1. How about segment 77-98: which of its residues are farther than 21 Å from G130 by Cα and in contact with a helix residue (DSSP H, G or I) (Cβ under 9 Å, 6 or more places away or on another chain)?
2. I'd like to know if segment 105-119 contains one or more residues that are under 16 Å from G132 (Cα atoms) and over 13 Å from the mean Cα position of the chain (by Cα).
3. Which pairs turn up if I take residues in segment 124-143 that are in contact (Cβ under 8 Å) with a residue 12 or more places away in the chain and look for partners that are small (G, A, S) with beta carbon separation below 7 Å, at least 6 apart in sequence or on another chain?
4. Given the conditions (1) surrounded by fewer than 16 Cβ atoms within 10 Å (Cβ to Cβ); (2) out of contact with any Phe, Trp or Tyr (no Cβ under 8 Å at 6 or more places or on another chain), and given that G128 satisfies all but one, which numbered condition is not satisfied?
5. Scan the strands (runs of 3 or more DSSP E) fully inside segment 1-119 and keep the ones with 1 or more residues being touching a residue at least 12 places away in the same chain (Cβ under 8 Å), of a type in the set (F, W, Y) and out of contact with any strand residue (DSSP E or B) (no Cβ under 6 Å at 6 or more places or on another chain).
6. Give all pairs with beta carbons closer than 6 Å in which a residue from segment 162-184 that is in contact (Cβ under 8 Å) with a residue 40 or more places away in the chain and farther than 15 Å from M109 by Cβ meets a residue that is among the aliphatic types (A, V, I, L, M) and part of a helix (DSSP H, G or I); count only pairs at least 6 apart in sequence or on separate chains.
7. Somewhere in segment 38-45, is a residue within 19 Å of R172 (Cα to Cα) and either surrounded by 13 or more Cβ atoms within 10 Å (Cβ to Cβ) or modelled with pLDDT under 90 (or both)?
8. Among the residues of segment 75-100, write down those that are surrounded by 13 or more Cβ atoms within 10 Å (Cβ to Cβ) and within 28 Å of Y142 (Cα to Cα).
Amino acid sequence: MGSNEFIIGFVGMNRVRKNIPRVVEVMRATRDMNPDVDVKGFLWTNVDKEVPIRPIMLNLGMNEHVHWPNPDMYEHGLPENNMVELYNAFDCTICVGNEGYWMPGLESMACGTPIVVPDYAAAADRVGRGCGYKVKVKDWTYNNPVGVRQPVVDVVDTAKKITKIINGGRERYRRNCVREADKYRWSKIIEEKWIPFLDECEIELLPLVRNGKIEKWDQETA
């Protein structure tokens, strides 16, 4: 990657609800907003699946500025170490759909890469202090198989938020992202919170009574 390049990354399946055409629009708007920066995009998806992405890139004049893996590479997936390299190659990772937990966002943060998401649904909860931005939702669409309301992000506002990252200094975002991602470690979520909670539920709902005493089910028995 050249010193003047800025890579906007997207990780996700090519589904209508992901609204990848909007992702490409954001990439184009960010490029127009920053003429002194070589803004490029990388779509970790299969551009030939549910939504035809190639014609959209061509119509937006982005076919030479957006890259994607070959279908076999995407379908077979990347080893974990290579995914770390992929996220580190991005300067930011974006989402424009109504994601649930949005694991790519957390993975991106763990690699020190800031995120940009709609101010809607659970993906917005991944944006911790100093590790990315929430963007405005301009409208809503029901263009999906199950008729669920989906956000249509404001392209200009999204490009402005990405521009803040361009001008903000990668190292500062990197430190903040890693700090926020650390809150979601297995030990902190499962071992410190969920296991004690489930132990309490177990005692109430299905107690193990042995010799007149309540014991934990996960204890070894002779």
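The values are calculated or read from the model by the stated rules, or taken from the named source; none is laboratory data. Nothing here was measured: the structure is a model prediction, and the numbers come from that model. Virtual Cβ from ideal backbone geometry, glycine too; neighbours counted across all protein chains shown.
1. So in segment 77-98, the residues farther than 21 Å from G130 by Cα come out as 77-83, 85-86, 97-98.
If the condition is that a residue be farther than 21 Å from G130 by Cα and in contact with a helix residue (DSSP H, G or I) (Cβ under 9 Å, 6 or more places away or on another chain), then G77, L78, M83, G97, N98 are the ones that fit.
2. We begin by selecting, within segment 105-119, every residue under 16 Å from G132 (Cα atoms); these are 105-119.
Those still in the list that are over 13 Å from the mean Cα position of the chain (by Cα) too: 119.
Checked against the condition, which is being under 16 Å from G132 (Cα atoms) and over 13 Å from the mean Cα position of the chain (by Cα), segment 105-119 yields at least one hit.
3. Qualifying pairs under 7 Å: R126/G105; K134/A124.
4. With respect to (1) surrounded by fewer than 16 Cβ atoms within 10 Å (Cβ to Cβ); (2) out of contact with any Phe, Trp or Tyr (no Cβ under 8 Å at 6 or more places or on another chain), G128 is out only on (1).
5. Output list is empty.
6. Within 6 Å, the pairs are T163/M33.
7. First pass over segment 38-45, keeping only residues within 19 Å of R172 (Cα to Cα): none.
Checking segment 38-45: not a single residue is within 19 Å of R172 (Cα to Cα) and either surrounded by 13 or more Cβ atoms within 10 Å (Cβ to Cβ) or modelled with pLDDT under 90 (or both).
8. Residues of segment 75-100 that are surrounded by 13 or more Cβ atoms within 10 Å (Cβ to Cβ), as a first pass: 78, 83-84, 86-99.
Correct list: C92, T93, I94, C95, V96, G97, N98, E99.
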